[in-house]
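The structure appears below as structure tokens.
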Amino acid sequence: MPPTARILLVDDHEDTLYALESALAPLGHLLGRATSGDEALKQLLRGNVGLLLLDVHMPGMGGLDVVRHMRRLEQTRHVPVVLLTGFARDRRLGAAAYRLGVADLVTTPVDPWALRTKVRHLYDAHQRRLALEAEIRALRARLDDRGTPPARPAPSRPHAHVPPAQPPGAHTAELEEDRT
């Protein structure tokens, strides 16, 4: 995924989307928006989403349903998700969210600085992960192009006895005399 991956903001309230955009604008990332779970899934499937901020309670498909669908698809399985809820934290909601692999559950209204910090960390970590996966694929392709498996080093034998090296021309007796 290129570094131009969007942060997708999903909420059924325009004022909340505006507040999230205002809070995250200083990060300098592209921001996308969706007003429903269905719309969010469509945008996720189009690709180029690096992080999802998702309202838990929306008409139709709610946040947890969106995450369930995401986790079933290879293309969206690893996109980090921060769930937003306007209600007090509920242990059952938290347990369900974390079981689905949600990165965090945040109560709104949010502290803009704290949200930016979380989003920056999660977005950057996801981008590093994608870069490493791309590098692994490229290395595997190079190995496949060579047509031969990489040579494996001989296993080390840590307990094997290796005699000490002797200088050229030295005899064991001469070395014994030098020690005394």
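Overview of results
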item: Test: residue in the stretch 84-102 that is charged (D, E, K, R), modelled with pLDDT under 90 and loosely packed, with under 10 Cβ neighbours inside 10 Å; result: yes
item: Matching entry among ARG116, ARG77, ARG68 (being surrounded by fewer than 17 Cβ atoms within 10 Å (Cβ to Cβ), touching a helix residue (DSSP H, G or I) at 6+ places or on another chain (Cβ under 7 Å) and either hydrophobic (A, V, I, L, M, F, W, C) or part of a helix (DSSP H, G or I) (or both)); result: ARG116
item: VAL102 in contact (Cβ under 8 Å) with a residue 24 or more places away in the chain and part of a helix (DSSP H, G or I); result: no
item: Hey, HIS13 over 20 Å from LEU93 (Cα atoms), open to solvent by 50 Å² or more (accessible area, probe 1.4 Å) and under 17 Å from the mean Cα position of the chain (by Cα) or not; result: no
item: Flag for LEU51 being in contact with a Phe, Trp or Tyr (Cβ under 6 Å, 6 or more places away or on another chain) and in a strand (DSSP E or B); result: yes
item: Residues within the stretch 29-41 that are more than 13 Å from ARG6 (Cβ to Cβ) and open to solvent by 50 Å² or more (accessible area, probe 1.4 Å), tallied; result: 3
item: Restricting the stretch 16-28 to residues that are crowded, with 18+ Cβ neighbours inside 10 Å and not hydroxyl-bearing (Ser, Thr, Tyr), the residue that is farthest from TRP113 (Cα to Cα); result: LEU17
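One line per residue, one yes/no per condition, for (1) surrounded by 10 or more Cβ atoms within 10 Å (Cβ to Cβ); (2) touching a Gly at 6+ places or on another chain (Cβ under 7 Å); (3) at pLDDT below 55:
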site: HIS121; (1), (2), (3): yes, no, no
site: GLY147; (1), (2), (3): no, no, no
site: PRO150; (1), (2), (3): no, no, no
site: ARG157; (1), (2), (3): no, no, no
site: ALA165; (1), (2), (3): no, no, yes
site: ALA170; (1), (2), (3): yes, no, yes
site: GLU177; (1), (2), (3): no, no, yes
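The values are calculated or read from the model by the stated rules, or taken from the named source; none is laboratory data. Model, not experiment: these values are computed from the prediction. FYI the Cβ positions are ideal-geometry reconstructions off the backbone, even for glycines, and counts take in every protein chain you see. Ligands, DNA and RNA are excluded from the accessible area calculation, which covers all protein heavy atoms including side chains. Shrake-Rupley method; radii C 1.70, N 1.55, O 1.52, S 1.80 Å.
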